[in-house]
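**Q** Take this structure, written in structure tokens, and hold onto it; I'll ask about it next.
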Amino acid sequence: MFQDDTLSVDLAAMDLTTPENLENLVKVGVELLKKPVTRVNLGTGICEPYHHTTNEMALKKFAAILHKEKYVRVLRSPNTNRGLVNQGKSMEDQTGASQGMPTLSKTIHHSLPDLHDLNPN
């Protein structure tokens with residue numbers, strides 16, 4: 001979850017849906033994606049950088065993990081014939097674990113239009 005404690009009153013208002021405010025929210029969101037991932041140090045209460053990565057990179061990695069998990073669940077599901085088709089293959093071959101990041105399917109393309117851009121290959 002991202003957090004920005006520097007939002008103005010207008011940007012933080014839940015009921016202000018003017019085009020200008022919505023455009024400003026988009027700008028804030030883009031800036032949040034560029035910021036480094038941070039964690040709160042429970043001893044000091046201060047946010048500290050975590051793993052030298054940006055929020056955008058962390059979201060892409062998380063989306064790839066979720067996609068792979070969904071793919072594995074579909075393969076294991078008794079309600080599909082994929083389990084029968086892939087019986088001769090190891091789970092590593094079926095999930096693409098041996099090839100790094102999984103290939104993102106086009107079945108989710110309509111609901112998450114930019115997700116297909118996550119695969120760097």
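The values are calculated or read from the model by the stated rules, or taken from the named source; none is laboratory data. Quick caveat: nothing in here was measured; it's all calculated off a predicted structure. Heads up, the Cβs are rebuilt from the backbone with ideal geometry, glycines too, and the neighbour counts pull from every protein chain shown.
**Q** Considering only region 47-73, how many residues are of a type in the set (A, V, I, L, M, F, W, C) and either closer than 20 Å to Asp4 by Cβ or modelled with pLDDT under 90 (or both)?
**A** 5
**Q** For region 1-30, name all the residues that are surrounded by 11 or more Cβ atoms within 10 Å (Cβ to Cβ), modelled with pLDDT of 80 or more and part of a loop (DSSP other than H, G, I, E, B).
**A** Result: Ala13, Leu16.
**Q** Being outside any helix (DSSP H, G or I), out of contact with any Lys or Arg (no Cβ under 9 Å at 6 or more places or on another chain) and at pLDDT 90 or above is the requirement here; does Thr44 meet it? It would help to see each step written out before you state the result.
**A** Values: outside any helix (DSSP H, G or I): yes; out of contact with any Lys or Arg (no Cβ under 9 Å at 6 or more places or on another chain): yes; at pLDDT 90 or above: yes.
So Thr44 passes the test.
**Q** Is there any pair linking a residue in region 63-74 that is surrounded by fewer than 15 Cβ atoms within 10 Å (Cβ to Cβ) to one that is modelled with pLDDT of 95 or more and part of a helix (DSSP H, G or I), with Cβ under 9 Å and at least six apart or on different chains, and which?
**A** none
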